[in-house]
Every structure is written in C-alpha cells, then in structure tokens.
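Below is one structure, written out as structure tokens, with a few remarks after it.
The values are calculated or read from the model by the stated rules, or taken from the named source; none is laboratory data. If you're wondering where the values come from, they're calculated on a predicted model, not measured in any experiment. For neighbour counting, all protein chains shown are included, and Cβ atoms are generated from backbone atoms with ideal geometry for every residue, glycine included.
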Amino acid sequence: MRLTILGRSPASPNPGEACAGYLIEGGNSRVLVDVGPGVVAQLLRRHHPDELDAIVVSHMHADHMLDLVTLRYVYPWRGHPKDQRLRVILPPGSADQVLDLARGAGNPRHFEDAFQLSEHDGSSPLSFDGLSLTPVETVHFIPCWGFRAAGDGRLVGYSADTGPGDAVGTIADGADLFLSEATLRNLDEDAQPPEQRGHLLPEEAGAAARDAGAKRLMLTHLPVDGDGAWARNAASEAYGADAEIAEPARTYEI
Ligand SMILES: [Zn+2]
Ligand SMILES: [Zn+2]
C-alpha cells in the first residue's frame, strides 16, 4: 500500500504547499482522499485524474474540497459519457452544497458533465479493486468522516479533521499508519466551551495513536515552518515513539 502526500496544509496554507490531499494506492486501485486548494496541480505532476478510481471527500470545508472546481478544468469543456466520468464520493447530505459551489463557479452543471457525483452513507465501506475505505464520523464543526483504508493486507487510518473523541481511536485502531491531523498549536486556536472542539494538538494525536496501538504515526494538516519539530516532539513524547511529519510530494510505502 502506498500513501502520497499531495498537500498537508491546514486551511491557511503553508507557503508553497497545497491543503489536504492524499493519494492512497492499494490492490489495483488509486483513490484521492480530499482535494483542497492546490491539490490538483500537485496531482497532475503524477497522474491525470482519469488514472484515479475515485475522489473521496472527507467533509465540505473549503480546505478539503475547493479544488473540485479546479479539477473540472482539466477536462475538455464538453459532456463525457456517463460511464467514463470520474467518481467523486461526497459526504452524506452534501449534494446541495456541491450544487451551490457549481453555481458559485458560474455554471450549475459545472461538475455533472465531468464527474459522477455520489454520497457515501456514513458507515459502509467504499470498495474498490483490492482497496476499501471505511468511513468513521469524527467530531468537527460540520459533519466529517475520517477513513480506515485497507489494502494489500495493510491498514491506513486517516483522521480527516477531528477534535478528541472515540472516533480518533476507532480510526487509528491497530493501523499500520495513522495519518492524523495536528492543526492546533495551542487550545486557544480551537473552539471554546460550550462549543465542541474541532481539531487536535500534536500531543493529542500522539496519545490517541499510543492508546489505539497504531504502529506508525504521521502528523499532517498542520502549520509547518522549518522542520515542524514543535509538533513532532510533542506528538512523539505522548506516542512513546518517533512521530513523523507528512512531507509534501513524498510517497510512503506502508
Ligand atoms: Zn474542517
Ligand atoms: Zn481542514
């Protein structure tokens, strides 16, 4: 199984980096999870989107899906036969938002002539040839699903965006690699009580990975200047082993 980091930025981009975008390859399948601003340009360095089996969107925050608008322009401006359109799998209940996005981009049919849009059901595995992604709902400001991706006898857990809670442990449980957001530098950056939290500190990602028995912890969706030592050190101490920082454009064998 292979994981390629197309973008690791949080919503406010790190200079020169894309927002959330992760290429997961397993079995005979290749799936892009999240397509935030800047991700399409990174994807095209490696693959035409027709080489993807699907795009799966964790949630409808702009830093995870806004480059769907850009992606449309990779295709000629004419309709494609339905069975040749790229599958785009959205979170439950988001179809209207996508239509709004299309209208905002100047054409209500912006997506439908190039993509096969569908929604997952929030819990059933998304099955591809030799690869499956099981959605797990996280704790976030809007409905959001992380994924447990299984293929080639390996398992990658992706937290998407999440505050602390049971979902983090479920996603990380026994994973060969837990790809966790670590967006917060301090708790002042998260929502304040009585609102529920929506992101993790690096040490919270580390503690969750430790408790879940994740074999490898990689931090992403975080502000990085320099080498990210502030996050790596905090996460490693809680994890009890070395945490890694996701590196843009790098492919990891899992
Ligand atoms: Zn979000
Ligand atoms: Zn985000």
* Name the pairs: first residue in segment 224-243 and surrounded by 15 or more Cβ atoms within 10 Å (Cβ to Cβ), second residue in a helix (DSSP H, G or I) and among the hydroxyl-bearing types (Ser, Thr, Tyr), Cβ to Cβ under 8 Å, at least 6 apart or on different chains? -> ALA243/SER236
* The lone exception for GLY26 - which of (1) of a type outside the set (Val, Ile, Thr); (2) within 16 Å of ligand 2 (Cβ to nearest atom); (3) buried (at least 23 other Cβ atoms within 10 Å of the Cβ) it fails -> (2)
* To do: For ALA20, indicate whether it is under 13 Å from the mean Cα position of the chain (by Cα) and either modelled with pLDDT of 95 or more or farther than 15 Å from ARG87 by Cα (or both).
  => yes
* Output yes when any residue across segment 158-166 is more than 15 Å from ligand 2 (Cβ to nearest atom), under 22 Å from GLY7 (Cα atoms) and assigned to a loop (DSSP other than H, G, I, E, B), and no when none is. => no
* **Condition check for GLY228: modelled with pLDDT under 95 and in contact with a strand residue (DSSP E or B) (Cβ under 7 Å, 6 or more places away or on another chain)** => yes
* To do: With the condition kept exactly as written, say whether any residue in segment 78-88 is acidic (Asp, Glu) and out of contact with any Ser or Thr (no Cβ under 9 Å at 6 or more places or on another chain).
  => yes
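Give the residue, chosen from ARG87, ARG72, that is within 15 Å of LEU133 (Cβ to Cβ) and surrounded by 16 or more Cβ atoms within 10 Å (Cβ to Cβ).
On inspection, the qualifying residue turns out to be ARG87.
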